[in-house]
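Step one of this worksheet: look at the structure below.
The values are calculated or read from the model by the stated rules, or taken from the named source; none is laboratory data. As the structure is a prediction and not an experimental result, all values here were calculated from the model. Ideal geometry is used to build each Cβ from the backbone, glycine not excepted, and the neighbour counts take in all protein chains shown.
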Amino acid sequence: MPTINRQVVLARRPNGYPVPGDFRLEEAPLPAVGPGQFLLENHYVSLDAGFRNWMNEGSGDEVLPAMALDAPVMGLTLGRVAESRHPDYVVGEWLMARLCWEEYSVTDGGDFISRLPEPRDCPLSYYLGVLGDTGLSAYFGLLDIGRPAPGETVLVSAAAGAVGNVAGQLAKIHGARAVGIAGSPEKCVRLVDELGFDAAVNYREEGLQGAIAAACPDGVHVYFDSVGGPLLETVVDNLAVGARIALCGAITAYNATEPLPGPSNLFQLTARQALMQGFMTHLQEHRYPEARAALTGWLQSGELKNVEYRLHGMERVGEAFCDLFAGNNFGKTVVQLRDDGE
Ligand SMILES: NC(=O)c1ccc[n+]([C@@H]2O[C@H](COP(=O)([O-])OP(=O)(O)OC[C@H]3O[C@@H](n4cnc5c(N)ncnc54)[C@H](OP(=O)(O)O)[C@@H]3O)[C@@H](O)[C@H]2O)c1
């Protein structure tokens, strides 16, 4: 068994957008596995925008505590049990866990942990993306709140990201038109050409209001929002009567150093008899088997494509997290730590 663990620690609290210098690679002794504990050999680290919140001073809440300075950064990992003194975990099992950015984790299993199905239908990394928290967020948010009907228009923000690309593809599978919002012309082309979106709009270009109106001529029936802020205000002005807005996240707010003003036009929800509702995916855990079965079926039929932005090596985990906010990713961002043949 290894005796040294490579970890990425929070070197300082990000001020606004995270930069690689906020993180530091360190080596630490790997503790022995005690009674009631097991050793997880991490193969992938998942990078998730929402974890940015807990890097701020005093940000602890009912979900997680604030991250500590000079301690390993909290995040989702996928790994294999390499040694076990825990009655419920056996060597060789594959698990996903809310642990840390590190090569090995010694844990008592008290962290949020779920098992990968055996046998597996899909490659390992899919269980962090399209079959993991982000794909499941697209599934629950779009289908429970958005409820797209055939012929309706579904508009998706951060559409080239992990959640958004799945939300748009699910809209198509349910017979709706899918329109994506992304931050570069290249991403817009890929959304249409590779993932089958009907149209895509670049939010960084002038004339966004007109571009959304042109791409959604009957109005926006469903808005799947991961961004919030001024973009939400622009979309509210384009809603169809009876529209549904699924609030998945508010990525604009995560790096703000001052509170952001809310949309000034929420009266439009009244006028257009629209619904706006947030959701938390982890509260739907009892429905994960149903959702994974449906998503796996669409992957196998070829109606749903998995897209990934994959870097390699523990030394690149901090960079990969920064890439999320810089928009360098297309699809789910993961860092692969060791070769698993997939
Ligand atoms: N409710 C839940 O239970 C739940 C669960 C998981 C995730 N989420 C939320 O889902 C959202 C997506 O998370 P993710 O980890 O999957 O990230 P992601 O979508 O893979 O990547 C984030 C994308 O957002 C875009 N972006 C970054 N800053 C932006 C800005 N200021 N304005 C507009 N777009 C911006 C970037 O692409 P561009 O090039 O297009 O800018 C980037 O690729 C986050 O808000 C996260 O908190 C919610």
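Brief remarks follow.
- Of A215, A240, all but one fail to be modelled with pLDDT of 95 or more and touching a His at 6+ places or on another chain (Cβ under 6 Å); the exception is A240.
- Residue in region 191-209 that is aliphatic (A, V, I, L, M), closer than 26 Å to L136 by Cβ and surrounded by fewer than 18 Cβ atoms within 10 Å (Cβ to Cβ) present: yes
- Yes/no for R292 being within 16 Å of the ligand (Cβ to nearest atom), surrounded by fewer than 17 Cβ atoms within 10 Å (Cβ to Cβ) and either under 30 Å from D121 (Cβ atoms) or modelled with pLDDT of 95 or more (or both): no
- Checked against (1) buried (at least 18 other Cβ atoms within 10 Å of the Cβ); (2) closer than 28 Å to L247 by Cα, E57 passes all but a single condition, namely (1).
- The residues of region 44-81 that are touching a Ser or Thr at 6+ places or on another chain (Cβ under 8 Å) and among the acidic types (D, E) amount to a single one, D48.
- Test: residue in region 123-146 that is hydroxyl-bearing (S, T, Y), more than 19 Å from the chain's Cα centre (by Cα) and buried (at least 24 other Cβ atoms within 10 Å of the Cβ): no
- Looking at Y254, Y309, just one residue is hydroxyl-bearing (S, T, Y), without any contact (Cβ under 8 Å) to a residue 40 or more places away in the chain, surrounded by 15 or more Cβ atoms within 10 Å (Cβ to Cβ) and within 13 Å of the ligand (Cβ to nearest atom), and that residue is Y309.
- Odd one out for L195 among (1) more than 21 Å from F330 (Cα to Cα); (2) assigned to a loop (DSSP other than H, G, I, E, B): (1)
- Condition met for A68 (assigned to a strand (DSSP E or B), assigned by TED's automatic domain parsing to the domain that holds D108 and either within 16 Å of the ligand (Cβ to nearest atom) or surrounded by fewer than 16 Cβ atoms within 10 Å (Cβ to Cβ) (or both)): no
- Within region 1-43, the residues that satisfy the criterion of being farther than 25 Å from R80 by Cα, part of a loop (DSSP other than H, G, I, E, B) and not small (G, A, S) are R12, R13, P14, N15, Y17, P18, V19.
- In region 147-174, residue surrounded by the fewest Cβ atoms within 10 Å (Cβ to Cβ) [restricted to those that are more than 9 Å from the ligand (Cβ to nearest atom) and polar (S, T, N, Q)]: T153
- Test: S226 is hydroxyl-bearing (S, T, Y) and closer than 20 Å to T134 by Cβ: yes
- Within the set L299, L295, the sole residue that is aliphatic (A, V, I, L, M), in a helix (DSSP H, G or I) and touching a Lys or Arg at 6+ places or on another chain (Cβ under 9 Å) turns out to be L299.
- Any chance A71 is in contact with a strand residue (DSSP E or B) (Cβ under 7 Å, 6 or more places away or on another chain), among the aliphatic types (A, V, I, L, M) and under 22 Å from E315 (Cβ atoms): yes
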